[in-house]
Amino acid sequence: MIGTVRCMPKFRSKIVALAVALLLALPQCTFAAEWEFGGDFRFFGFYALEDLGELRRDAELLALRLKAEVLFSETLSFEAHALLEARSPAIATGVANASGGTRRLFDLETTVLSSEDVAASTSFDRFFLTWEQPNFRMTAGRQAITWGVNYFWPALDLFAPFAPERIDRDYKAGVDAVRVTIPTGSFSEWDVVMAQQGSEFDDDFSAAALRRWDVKNSDVGLMGGYFHSDWVAGGFFVTELWGNGIRGELSYTDSGDERDAEIDRASFWRASVGIDKQLNPDLNLIIELAWNGFGSSDPSDYLRILQSDRVMRGEVNAVGRLYSGLSLSWQVHPLLTVGGAALLNVDDGSVLLQPTGTWSISDNGVVQFGLIVGLGRGVSETGDLGSEYGAAPTTVWGAFKVYF
């Protein structure tokens, strides 16, 4: 099928032209501006080893990111990441393991190609201004925000967290927000965020604060605020015990979504605890346990949970309740690292295995390869999910990344 090329709307092209003209004029201003440029190119290929019926067994993802940073002065800077993404086919669930996004206030994305076989778009994934002062730092615009401390299932990270099965974590999706960080001592601070993750103010606005303290060899924090009509409070800790890193976090949500009350989710808890252990200089292990009070222990409820706004916007990325995860990394050679992850849904007994390998081909390029294997009950004849990970097809994947 022949794809269609969509031109940029006139009003948006005028905004972009004005922004480009402004950036080009900035070096001519009375203050000196320093420019830094960079970027990367990533290509992922996925091939399912199982029969998927009418669905295509192969899927490809190409991503080109161009980064620019402008240093106006010691206190003022601007950063932007222009992103070109293309995937084939246009609807390819497999590439979700390497790419993801979130709802945003400003529409900075343009579709350049759309067909059943290929879809391509351009966007700004970062677009923010930073103002540094002795007593605070303010960042306004599209930026990445991370409040959680755990790897697979963070309970405090409500700003577009990575899905636990994500194999590519080079870049977290940016959110449109204003963020003010106020240091109160060495490694202690207030972090205040106001974000808009969508066009509807009542449903998509968030305002919250995180207070972080450094206590001897530990890092502790408390968080509270308003997220998408919910009131959320929680805390975290990071410490060291017998040479091992210990991380934990807990959150309580008082839902403002009337639909949650109908399914007995008017309020719920989420929690996770993780252990980082260096078995030897070349072998590292992460173990994590998690509880998701929004989920269900009954697989017949999974589809309803997947269709909830909380999951679709990426705030919650698990449908079950009790989970266990493991990540292992072994540097077998200065140029070769192997390892992988294993995710277990304790409620339904399904497992997702993700063995991987990374080969460094130069100072700025790597080749990656791996498998995605789902074990557990699959989809029933009536179309119901028998387990969370059992329906995942066995997939082999490879990737090429180069940074410049």
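If packing is taken as the average number of other Cβ atoms within 10 Å across a peptide's residues, how do 120-127, 382-389 rank, most packed first?
So the order, starting with the most tightly packed, is 120-127, 382-389.
Determine the sum of side-chain charges near Asp254: Lys and Arg each +1, Asp and Glu each -1, restricted to other residues whose C-beta is under 15 angstrom from that of Asp254.
-2
Explain nothing, just the number: relative contact order of segment 99-231, from Cα pairs under 8 Å at least 6 residues apart, as a whole percent. Can you show the working numbers first?
On the way: 262 pairs, mean separation 25.1, N = 133.
The normalised contact order for segment 99-231 reaches 19 percent.
Send over the Kirkwood Rh of segment 297-365, from the inverse of the averaged 1/r over different Cα pairs, rounded to one decimal Å.
About 14.6 Å, per the Kirkwood formula over Cα pairs.
Where the accessible area of the chain is counted over protein heavy atoms with a 1.4 Å probe, how much of it, in %, is carbon and sulfur?
That share works out to 62 percent.
Using the Karplus curve 6.51 cos²θ - 1.76 cosθ + 1.60 with θ = phi - 60°, what ³J(HN,Hα) values do you get for each residue of segment 164-174, in whole Hz, with x for Gly and Pro?
x, 8, 5, 9, 10, 10, 5, 9, 8, 4, x
Name the residue from Val332, Thr395, Leu322 whose Cα lies farthest towards the positive end of the charge dipole of the chain, charges +1 on Cβ of Lys and Arg and -1 on Cβ of Asp and Glu.
Selected residue: Val332.
Which value, in Å², gives the accessible area per residue of the chain when a 1.4 Å probe is used on the protein heavy atoms?
Working: 20800 Å² over 404 residues.
Heavy-atom accessible area per residue stands at 51 Å².
What does the charge add up to near Asn345, with Lys and Arg as +1, Asp and Glu as -1, over the other residues with Cβ less than 9 Å from its Cβ? Kindly include the intermediate steps, with their values, before the conclusion.
Working: positive: Arg321; negative: Asp347, Asp348, Glu388.
For residues surrounding Asn345, the net value is -2.
Loop only by DSSP, 14 or fewer other Cβ within 10 Å of the Cβ. Give me the trypsin sites (Lys or Arg not before Pro) in segment 146-245 that pass, ordered by residue number.
Qualifying residues, ordered by number: Arg169, Lys216.
Might you report the magnitude of the Cβ-based charge dipole of segment 55-113 about its Cα centre, with Lys and Arg at +1 and Asp and Glu at -1, to the nearest 20 debye?
Magnitude of the dipole: close to 320 debye.
List the chymotrypsin sites (Phe, Trp or Tyr not before Pro) within segment 215-274 that DSSP assigns to loop and that have no more than 13 neighbouring Cβ atoms inside 10 Å.
The qualifying sites are Trp242.
Could you grab the relative contact order for segment 71-177? Cα pairs under 8 Å, six or more apart, rounded to a whole percent. Show your work: numbers first, answer last.
Working: 192 pairs, mean separation 31.5, N = 107.
Across segment 71-177, relative contact order equals 29 percent.
About its Cα centre, what dipole magnitude does the chain give when the only charges are +1 on Lys and Arg Cβ and -1 on Asp and Glu Cβ, stated in debye to the nearest 20?
That gives the chain a dipole magnitude of about 840 debye.
Sort 81-89, 315-323 by the packing proxy (mean of other Cβ within 10 Å over each peptide's residues), most packed first.
315-323, 81-89
Given 4 °C and 1.567 mPa s, how large is the Stokes-Einstein diffusion coefficient of the chain in µm²/s, with Rh as the Kirkwood radius over Cα pairs?
Roughly 56 µm²/s, to the nearest whole number.
Under 8 Å for C-alpha pairs, at least 6 residues apart: give me the relative contact order for segment 62-134, rounded to a whole percent.
For segment 62-134, the relative contact order is 39 percent.
With unit charges on the beta carbon (Lys/Arg positive, Asp/Glu negative), name the residue among Ser188, Asn150, Leu108 whose Cα is farthest towards the positive pole of the charge dipole of segment 100-226.
Ser188
Find the percent of Cα-Cα distances in segment 283-404 that exceed 20 Å, and round it to a whole number.
More than 20 Å apart: 53 percent of the Cα pairs in segment 283-404.
To the nearest Å, what is the center-to-center distance of segment 286-337 and segment 218-271, using C-alpha atoms only?
First find each Cα centre; the distance between them is then 15 Å.
Just from the alpha-carbon atoms, what are the Rg and Dmax of segment 45-128 in angstroms?
Calculated on Cα positions, Rg and Dmax stand at 16.5, 58 Å.
Rounded to two decimals, what ratio of Rg to Rh does segment 181-337 give with C-alpha atoms and a Kirkwood Rh?
With Rg and the Kirkwood Rh in hand, the quotient comes to 1.03.
The values are calculated or read from the model by the stated rules, or taken from the named source; none is laboratory data. This is a predicted model, so every value here is computed, not measured. Reconstructed Cβ throughout: ideal geometry from the backbone, glycine too, with neighbour counts over all protein chains shown. Ligands, DNA and RNA are stripped out before the accessible areas are found, and what is left, the full protein with its side chains, is counted by its heavy atoms. Shrake-Rupley method; radii C 1.70, N 1.55, O 1.52, S 1.80 Å.
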